[in-house]
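Worksheet for the structure shown next.
The values are calculated or read from the model by the stated rules, or taken from the named source; none is laboratory data. Just so you know, these numbers come straight off a predicted model, no measurement behind them. Here the Cβ positions follow ideal geometry from the backbone for every residue, glycine too, while neighbour counts run over all protein chains shown. Accessible surface areas use protein heavy atoms only, side chains included; no ligands, DNA or RNA. Shrake-Rupley method; radii C 1.70, N 1.55, O 1.52, S 1.80 Å.
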Amino acid sequence: MSEEVFMARTKSFTRRIRDMNPSLERQFAAVRDDYVIDVPRGVGETTVADGYRLDVEGVFGRCAPLFVEIGPGRGEQVVDFASRHPEVNFLAFEVWTPGIARLTVTAAERGVTNIRVIEADAQQALPILLGPASVREVWTFFPDPWRKARHHKRRIVSLPFAKVVADLLEDGGVWRMATDWENYAEQMLEVMTAAPDFQIAVEDGATTFSPRFEGRVETHFEQRGKEAGRETWDIAAVRLPRGL
């Protein structure tokens, strides 16, 4: 990837770089190598070099269904779910280093070993690192809403990215998403309704959003939204069989 292309690429995040407190930094240093995957970089520090394919079985030490979470923050969701589903491999993409630290330290404290983390922009990295039909589920819970209208083009749930996720998911796989911003929920619904490779899973009689994913915990982020009076919307989009 050339420097010109990297600078022009629309990113769905603003990288938050903040010093960790010394205690967390020490804890993170002790567990980092058990969880964080170092990948060759492209032009930017959150990019992955073109042509690098991740050896998923190698980094997890086994062959198992793969779930991907984009933007896990401090890891409340993925650590909780992974602890209850040791039969699944979880690969998380995050660009907030203190969040990665908290995720990995918590996982280590709870004895969770089936999580790996890559510090990278998922939109750029996923189609490079993973092959077609290699993922069981993709999670995008509470992505940056980019509230201003002129920034809506930065939202990660879009038709172009839906094509990327469709390629990664196995037939019958699921892209789960949630947001507490109403106009983003409406955009998610519009995108996934138009995406030709997906069908939204709804309850009998419903025609729009999906029921809340029973495996989704209420994180501190969702709690803050509730305290501010915001509702949460879920979408579970099922990858249709290829060749239909």
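When the chain is modelled as a GNM with alpha-carbon springs shorter than 10 Å, which of 196, 22, 160 fluctuates the most?
Of 196, 22, 160, the most mobile in the Gaussian network model is 22.
Leaving ligands, DNA and RNA out of it, rank 52, 184 by accessible area with a 1.4 Å probe, largest first.
My answer, sorted largest first, is 52, 184.
Which of rounded, prolate, oblate describes segment 86-228, given a ≥ b ≥ c as roots of the alpha-carbon gyration tensor eigenvalues and a/c under 1.5 marking rounded, otherwise prolate only if a/b is larger than b/c?
It is rounded, given that a/c, with a ≥ b ≥ c, falls under 1.5.
About its Cα centre, how strong a charge dipole does the chain have in debye, to the nearest 20, once Lys and Arg get +1 and Asp and Glu get -1 at the Cβ?
Once rounded to the nearest 20, the dipole reads 560 debye.
Apply the a/c threshold of 1.5 to the C-alpha gyration tensor of segment 50-157 and tell me whether it is rounded, prolate or oblate.
oblate
Among the lysines in the chain, how many pairs, 8 or more places apart or on different chains, have alpha carbons under 19 Å apart?
Close lysine pairs found across the chain: 4.
So what does residue 103 come to for accessible area, using a 1.4 Å probe and Å² rounded to 10?
0 Å²
Starting from the 7 Å offset along Cα-to-Cβ, what nm value, one decimal, do you get for the label separation of residue 24 and residue 212?
2.6 nm
Accessible area per residue of the chain at 1.4 Å probe, in Å²?
About 50 Å² of surface per residue is accessible.
Expressed in whole Å with the largest first, what are the equivalent ellipsoid semi-axes of segment 97-165 derived from the C-alpha gyration tensor as the square root of 5 times each eigenvalue?
Rounded to whole Å, the semi-axes are 26, 18, 10.
Give the share of C-alpha pairs in each 5 angstrom bin for segment 154-244, from 0 to the last occupied bin, in whole percents, shortest bins first.
3, 14, 23, 23, 20, 11, 4, 1, 0, 0
Going toward the positive end of the dipole of the chain, with +1 on Lys and Arg Cβ and -1 on Asp and Glu Cβ, which of 27, 244, 200 do you reach last?
The residue sitting most towards the positive pole is 27.
Calculate how many DSSP beta bridges within the chain are antiparallel, expressed in % of all such bridges and rounded to the nearest 5.
Once the DSSP bridges in the chain are tallied, antiparallel ones form about 35 percent.
Taking Rg and Dmax of the Cα atoms in Å as the quantity of interest, determine which of [x] 17.1, 49; [y] 17.5, 55; [z] 16.4, 47 was computed from the displayed structure.
The value computed from this structure is option [y].
For the chain, what % of the accessible area comes from carbon and sulfur atoms, probe 1.4 Å?
After summing per-atom areas, the C and S share lands at 49 percent.
Given Cα pairs under 8 Å that are at least 6 residues apart, what percent is the relative contact order of the chain?
Computed value for the chain: 18 percent relative contact order.
Compute the FRET efficiency between residue 87 and residue 159 as 1/(1 + (r/R0)^6), taking r as their Cβ-Cβ distance and R0 = 41 Å, and round to the nearest 0.05.
Working from the Cβ atoms, E equals 0.80.
Among 38, 180, 144, which one moves the most in a GNM of the chain with springs linking Cα atoms closer than 10 Å?
Ranking 38, 180, 144 by mean-square fluctuation puts 38 first.
What number comes out for the charge environment of residue 136, summing +1 per Lys or Arg and -1 per Asp or Glu over other residues with Cβ under 13 Å away?
Value of the local net charge: -3.
How would segment 50-94 be classified by its alpha-carbon gyration tensor: rounded, prolate or oblate, with rounded meaning a/c under 1.5 and the a/b versus b/c comparison settling the rest?
Oblate, because a/c is 1.5 or more while a/b does not exceed b/c.
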